[in-house]
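Notes follow once the structure below has been shown.
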Amino acid sequence: MERSRIAVAGASGLIGSALVRSLAADGHEVVRLVRRASHGADEVCWDPEGQYVDATALAGCDVVVNLAGAGVGDHRWTDAYKKRVRDSRVLGTAALAEAICALDDPPRVFVNGSAIGFYGETGERVVDEDAPPGEGFLPTLCVMWEEAAAPIREAGIRTVLARTGLVVARGGGAWGRLFPLFRAGLGGRLGDGRQYWSYIALHDEVAALRHLIDTDGLSGPFNLTAPQPLTNREITEAMGRVLHRPTAFAVPAPVLRTVLGEMAGDVLGSQRVVPKRLLESGFTFAFPGIEDAIRAALG
């Protein structure tokens, strides 16, 4: 892709910061959306929950990527925190949509973050982008999140919905919590371990986002997950092999429900999600296997 001006919301997060580094390393001009007064031409002031964004600063951007949102697993799911998780995504996306659609020269592509939580519980059933949304907090959230981007698509701007799985990385997300436990020899399966986890290496997550940005004609939902989902038991065993640690510990389901509350249903739930459209678009994974993904995170 030719040198472009690219705005990124959520640039300080796990995926956003890695994407910004990748884009900047290739010479692109990256503009970060920040929740404070901007300190230069490379920053845009915005308040996602207050539905404010400095639209004038988005002028001239070729691409806008929205990865912003309060961490789903950062706190117990109280009603207040679920509202924060929802508002940070839905209201923030709506604010970006309003600002983008008001531009005389809008970006050529908008990439909106989403998650495989869209599909809810799938058990052993393999699902791709054609599957309908599931039921519960996360599926409802993802539907609202994606629908908030509809005005951009309706304005004729190529709009991509990136439904991300569990990102294998040391710096944050689920794996950011798992690595210290496994290094200490305290790792083990969650519940019975039969639930499927659809994961993706951070390197492949960034590469997939850039592929979706760069490839003309790609729009709509794309699952950003490795081609072969594995069970929690299989992933636990792989972590033990790579880190050379025992994995005898297990956290019973009742304990998880006591500690995590409603969120335990998603930790124990099974999502066997495959990246059908991403593979059909010609994307090649660098780390498709779980052991390779773990080693890449540790490298």
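Quick notes
- No other residue among D79, D105, D62 is free of Cβ contacts under 8 Å to residues at least 24 places away in the same chain and charged (D, E, K, R) apart from D79.
- Residue list for the stretch 18-49, restricted to those being touching a residue at least 40 places away in the same chain (Cβ under 8 Å) and either out of contact with any helix residue (DSSP H, G or I) (no Cβ under 9 Å at 6 or more places or on another chain) or in a loop (DSSP other than H, G, I, E, B) (or both): P48, E49
- D74 being open to solvent by 60 Å² or more (accessible area, probe 1.4 Å), charged (D, E, K, R) and outside any strand (DSSP E or B): yes
- Candidates A94, A169, A208, A162: the one that is within 22 Å of V72 (Cβ to Cβ) and in contact with a Ser or Thr (Cβ under 7 Å, 6 or more places away or on another chain) is A162.
- Within the stretch 133-155, tally of residues that are in a loop (DSSP other than H, G, I, E, B), of a type outside the set (G, A, S) and either more than 16 Å from F222 (Cα to Cα) or without any contact (Cβ under 8 Å) to a residue 12 or more places away in the chain (or both): 1
- Annotation: of all residues in the stretch 156-178 being part of a helix (DSSP H, G or I) and among the small types (G, A, S), the one that is least open to solvent (accessible area, probe 1.4 Å) is G176.
- Counting only residues that are closer than 20 Å to L212 by Cβ and part of a loop (DSSP other than H, G, I, E, B), the stretch 110-129 holds 2 of them.
- Where helices (runs of 4 or more DSSP H) fall wholly inside the stretch 184-293, the ranges with 1 or more residues that are in contact (Cβ under 8 Å) with a residue 12 or more places away in the chain, open to solvent by less than 10 Å² (accessible area, probe 1.4 Å) and within 30 Å of R158 (Cα to Cα) are 202-214, 276-280.
- Within the stretch 95-114, considering residues that are among the small types (G, A, S) and open to solvent by less than 20 Å² (accessible area, probe 1.4 Å), the one farthest from the chain's Cα centre (by Cα): A99
- Index of the failed condition, V31 passing every other in (1) farther than 17 Å from L161 by Cα; (2) open to solvent by 10 Å² or more (accessible area, probe 1.4 Å): (2)
- The residues on offer are G117, G134, G92, G69, and the sole one that is in contact with a Phe, Trp or Tyr (Cβ under 6 Å, 6 or more places away or on another chain) and surrounded by 15 or more Cβ atoms within 10 Å (Cβ to Cβ) is G134.
The values are calculated or read from the model by the stated rules, or taken from the named source; none is laboratory data. Everything quoted here is computed from the prediction, not taken from an experiment. Glycine gets a Cβ as well: all are built from the backbone with ideal geometry, and neighbour counts include every protein chain shown. Just the protein is used for accessible areas: all its heavy atoms, side chains included, with ligands, DNA and RNA removed. Shrake-Rupley method; radii C 1.70, N 1.55, O 1.52, S 1.80 Å.
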